1. Restricting to segment 185-208, name every residue that is within 16 Å of residue 128 (Cβ to Cβ) and either crowded, with 18+ Cβ neighbours inside 10 Å or within 17 Å of the chain's Cα centre (by Cα) (or both).
2. Keeping to segment 188-202, report how many residues are more than 16 Å from the ligand (Cβ to nearest atom) and in contact (Cβ under 8 Å) with a residue 60 or more places away in the chain.
3. If you go through segment 151-184 one residue at a time, how many are surrounded by 17 or more Cβ atoms within 10 Å (Cβ to Cβ) and without any contact (Cβ under 8 Å) to a residue 60 or more places away in the chain?
4. For segment 74-105, name all the residues that are outside any loop (DSSP other than H, G, I, E, B), closer than 30 Å to residue 137 by Cα and more than 9 Å from the ligand (Cβ to nearest atom).
5. I'd like the full set of residues that are polar (S, T, N, Q) and within 14 Å of the ligand (Cβ to nearest atom), limited to segment 163-187.
6. Counting only residues that are near the ligand (Cβ under 8 Å from one of its atoms) and charged (D, E, K, R), which one in segment 106-138 is farthest from residue 26 (Cα to Cα)?
7. Going through 45, 28, 40, 36 one at a time, which residue ends up being more than 23 Å from residue 131 (Cα to Cα), out of contact with any Lys or Arg (no Cβ under 9 Å at 6 or more places or on another chain) and surrounded by 13 or more Cβ atoms within 10 Å (Cβ to Cβ)?
8. Taking only pairs six or more apart or across chains, which ones have beta-carbon atoms under 6 Å, a first residue in segment 1-26 that is in a strand (DSSP E or B), and a second residue that is charged (D, E, K, R)?
Amino acid sequence: MAYAIAIDGPAGAGKSTIARILAKELGLIYVDTGALYRALGYYMLGQGIDPADEERIVPALEGLTVALTHQNGEQRVLVAGEDVTAHIRTPEISMAASRISAIPAVRAFLLQAQRDIAAVESVIMDGRDIGTTILPNARVKIFLTASSESRATRRYAELQEKGIHTTYEEVLSDMVKRDYEDSHRASSPLRQADDAILVDTSNDTLEQSVARLKAVVMDRLQQTEE
Ligand code: DC
């Protein structure tokens, strides 16, 4: 039987890095759901549509295809048949993704695609509403968080590494803004599920976070063994 591990939390808490490592260790497919919102944000900007413009976005979704595929263990995201994976990690697209993700029709549009992946494969899926909305029956639910400063420090280092020009202050203020918007939207806001385990990685190195999360996951898997 396929089972799911849901990891939700604010931007930069380490969800994707940790989930990717755990997926490899546990033999699960890693699904980064943020890529779906990013791909849609990228596509709409390319069409000259403001990612917050609900009136134009709703008709633009009609007939549009967004898909996640996996190649050599790496996730790719396609929108309207085009692989946009390489273009969706900029600060501009982060903000576009956050804006577009607040539109209820967008969330409804992406809901089934996410459930379909988890129906056929055992997954570790990261996002904002996986434990609350997408996979309420996930076997393990984790809410991963850290202080804004430590999240911004990590995200800044990541962007530096990719050669994306920005400042720490800019990253921090974008992050605080995005967290606020993601947590305060009416439709499936970022929220800890009642049965999710809270893990705060503020004072951890990556290795410590991975070890802690792995222990939590293994413990929960054992408790819920069928
Ligand atoms: O995880 P990420 O930073 O790639 O996500 C980008 C944006 O997409 C995030 O600010 C909010 C939105 N998102 C969402 O609303 N629900 C998800 N399951 C994943 C992402």
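1. 185, 187, 188, 189, 190, 191, 192, 193, 196, 198, 199
2. Narrowing segment 188-202 to residues more than 16 Å from the ligand (Cβ to nearest atom): 194-195, 197-200, 202.
If we keep only those that are in contact (Cβ under 8 Å) with a residue 60 or more places away in the chain too, we end up with 195.
The qualifying residues number 1.
3. The total comes to 2.
4. Let us first name the residues in segment 74-105 that are outside any loop (DSSP other than H, G, I, E, B), namely 74-79, 82-83, 85-87, 91-101, 104-105.
From what is left, the residues that are closer than 30 Å to residue 137 by Cα are 74-79, 85, 94-101, 104-105.
The answer is 74, 75, 76, 77, 78, 79, 85, 104, 105.
5. Initial filter on segment 163-187 (polar (S, T, N, Q)): 166-167, 173, 183, 187.
183, 187 - these are the residues of segment 163-187 that are polar (S, T, N, Q) and within 14 Å of the ligand (Cβ to nearest atom).
6. 107
7. Answer to the check: 45.
8. Close Cβ pairs satisfying both conditions: 6/141; 7/15; 7/126; 8/128.
All of the numbers you see were taken from the coordinates with simple rules; none came from a lab. Predicted, not measured: the structure shown is a model, and the values here were computed from it. Glycine also receives a Cβ, built like all others from the backbone with ideal geometry; neighbour counts cover every protein chain displayed.
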